[in-house]
Amino acid sequence: MATLIRSRPLIRKFTNFKSITTVPFLSQEPQLAGTPPENTTPLPPNPSSGSPLYNENWRSPFAATSQSVSSSVVPLGFLRQSPAARIQAMSESLDGEGLMNLFADWVTTQRWEDMKQVFELWIRSLDRNGKPNKPDANLFNYYLRANLMMGATADDLLGLACQMEEYGLVANTASHNLILKAMFQSGEPLSWADKAVKLLERMIATGVEFKEALPDEESYDLVTGLLFKANLIDDALKYIDSALKSGYKLSMNVFNECVLSCIYSNRLDTLVSIIEKCKKTDQNKGLLPPWNMCTHLADCALQADNSELAFTSLEFFVKWIVRGETVKPPVLLSVDEGLLVAALGTAGRTYNVKLLNGAWEVLKRSLRQMRIPNPESFLAKIYAHASLGQLQNAFATLHEFEKAYSSSKEESAEELFSPFTSLNPLAVACCRNGFVTLDSVYYQLENLSRAEPPFKSLAALNCVILGCANIWDIDRAYQTFAAIESTFGLTPDIHSYNALIYAFGKLGKRDEATKVYEHFMDLGVKPNEMTYSLLVDAHLIKREPKAALSVVDEMVHAQYKPSKDMLKKIRRRCTREMDYESDDRVEELTKKFNIRMGTENRRNMLFNLRYNMEYSG
């Protein structure tokens, strides 16, 4: 029977069989001269071969094969169901290299069950020299992979890997990676995380002498991915750092897990350092999170005022935009303008010039010259430049802002250029170093008004007037106001008059502030809500709540609603001046406009506090 199985015509039936020689196969069994007896017992295998399976019943090889099914390395229930003579022939006719070629073909067709069966039969068969077949590490890895694909657990694979020592084999990187993959796919990351770390450390230690056992990119990816699933972020970041130092490339999944884990654990600075290390290596500088993750990353960075991480997220956006423009058909991606406005605000708060320029460039690239930026974008850029002390760039941005929106006829357009609200950061920056900065800004504006083409900005001059008022310099404020017509040839607007009223009122010159109000009313300039608020403050400084209430009446007549803060200030002054009649008038106004004033018990306690110079006994 054995002779028939090994005969050449039977082997030719296998189309997948790859012969490694052109010499016809010759049977190793001697041909008998006469008709052999029917019950001839074959010779046993050589005991010196050292086969770990020598304890089989050599007197009945086929019976031993059927009995070894129950004692195989992994239970083979399907062999007891339908043993295949073709599989049996393969296992007895192929050598190691031929079996490798066969397994390589079977991997593409995913014949894992056949691969496992053939291997287990092959290691129990004899080679052409009559010795037991001995696999190498790569051939054994096919067996491990077949078990993994058939649902073997990590414990099963660890047991199989231990049996490699019986054949004098040392598990290489691929062997360990198959075990790590089983741990990763187990669905219980917390229970396998410690074992995965120990296995990785063992690979590193073994790799000192046996280089083929050193961990590779897949090893680090599997371990770090398992640690991230187990929420062991510190250990995961440690091995990511080791992988980067070893020059390995991080997989996209591990990189995304790293980004999300650092965000959720509020380790933004650590994430910045990891991304910077990735940028320094050629194999990792192309890592790019998905678009939605970039948006989430930028949002978290801006909320935490982390300018470096915010700039990194902008770099990711630019890569996505460039990638979308290069594909066919092109995909035009745009970053949300509100997100970029927040980035400009973060640049101003953190004094980061790189983030300021980057956010504005991304904004222009997102708009693609199809429309101009929103007013909030211009104001955020002005604020950032003013915070950084770059007044020249701030006024240049203000010039662009005026060209884009000065002719707007919307109701809110007037407030866009108010030095008290929208442009207040610029007005504060003008007086940062006192009159030195104010004079420098004024002379620059004066020189620009004579340039070709001339640059004349009424909003910039209003900021200078308010800056003078902030440093209590009424003379410079008045001279700048007068220069609007005489030097620059412009007409003062309501913001110019409000800035002058504020300058007079701050110094307690209520009558001069009132004259300014009467002057522009005669010129036909319509006051706004800020005008009445400044006049109320001027009267309260002079301790005249009745006059302040008369201004409120004019304000109401002009269809403006007094603010809660304004009425609180008037009521506080009425209490201190014991003007109960005016206080009742304030109560009427609060009921009329449905304003809940609240109580001021704590303020009253401080106001009525009696100080005593004597120590209590």
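Quick note: the coordinates plus some simple rules give every number you see, no bench work behind them. Model, not experiment: these values are computed from the prediction. Positions of Cβ are generated from backbone atoms using ideal geometry, with glycine treated the same way; all protein chains shown enter the neighbour counts.
Given the peptides 318-324, 376-382, arrange them by the average over their residues of other C-beta atoms within 10 Å, most packed first.
Numbers: 318-324: 15.1, 376-382: 23.7.
Descending packing order for the listed peptides: 376-382, 318-324.
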Please state the charge dipole magnitude for the range 324-472, taken about the Cα centre, from unit charges on C-beta atoms (+1 on K and R, -1 on D and E), reported in debye and rounded to the nearest 20.
440
Calculated FRET value between residue 252 and residue 424, using beta carbons and R₀ = 51 Å, to 0.05
0.65
Show me the three semi-axes of the equivalent ellipsoid for the range 269-350, from the C-alpha gyration tensor (sqrt of 5 times each eigenvalue), largest first, rounded to whole Å.
22, 18, 9
Across the Cα atoms of the range 414-524, what radius of gyration and what greatest pairwise Cα-Cα distance (Dmax) are found, in Å?
13.3, 42
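So what is the relative contact order of the range 114-260, in percent, for Cα pairs below 8 Å that sit 6 or more residues apart?
Numbers: 149 pairs, mean separation 24.4, N = 147.
After rounding, I find 17 percent.
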The range 113-219: C-alpha gyration tensor shape, a/c 1.5 cut-off, then a/b vs b/c:
oblate
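Cα-Cα over 22 Å: which of 238/277; 403/506; 181/279; 569/592; 249/280? Please report the intermediate quantities before stating the final value.
Numbers: 238/277 13 Å; 403/506 33 Å; 181/279 28 Å; 569/592 18 Å; 249/280 12 Å.
Exceeds cut-off: 403/506; 181/279.
Lys and Arg at +1, Asp and Glu at -1: add these up for the other residues within a Cβ distance under 12 Å of residue 318 and post the number. Kindly include the intermediate steps, with their values, before the conclusion.
Values: positive: 319, 323, 364, 365; negative: 315, 325, 361.
After counting each charged neighbour, the total is +1.
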Name the lysines eligible as straight-distance cross-link partners of residue 526: C-alpha to C-alpha under 21 Å, and not fewer than 8 places from it in the same chain.
409, 515, 561
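Cα gyration tensor of the range 213-253, axes a ≥ b ≥ c as square roots of the eigenvalues: rounded (a/c below 1.5), prolate (a/b > b/c) or oblate? Don't skip to the end; give the middle numbers.
Details: a/c = 1.74, a/b = 1.56, b/c = 1.12.
Judged from the Cα gyration tensor, the range 213-253 comes out prolate (a/c at least 1.5, a/b above b/c).
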Can you give the net charge of the other residues whose Cβ lies under 13 Å from the Cβ of residue 471, counting K and R as +1 and D and E as -1?
0
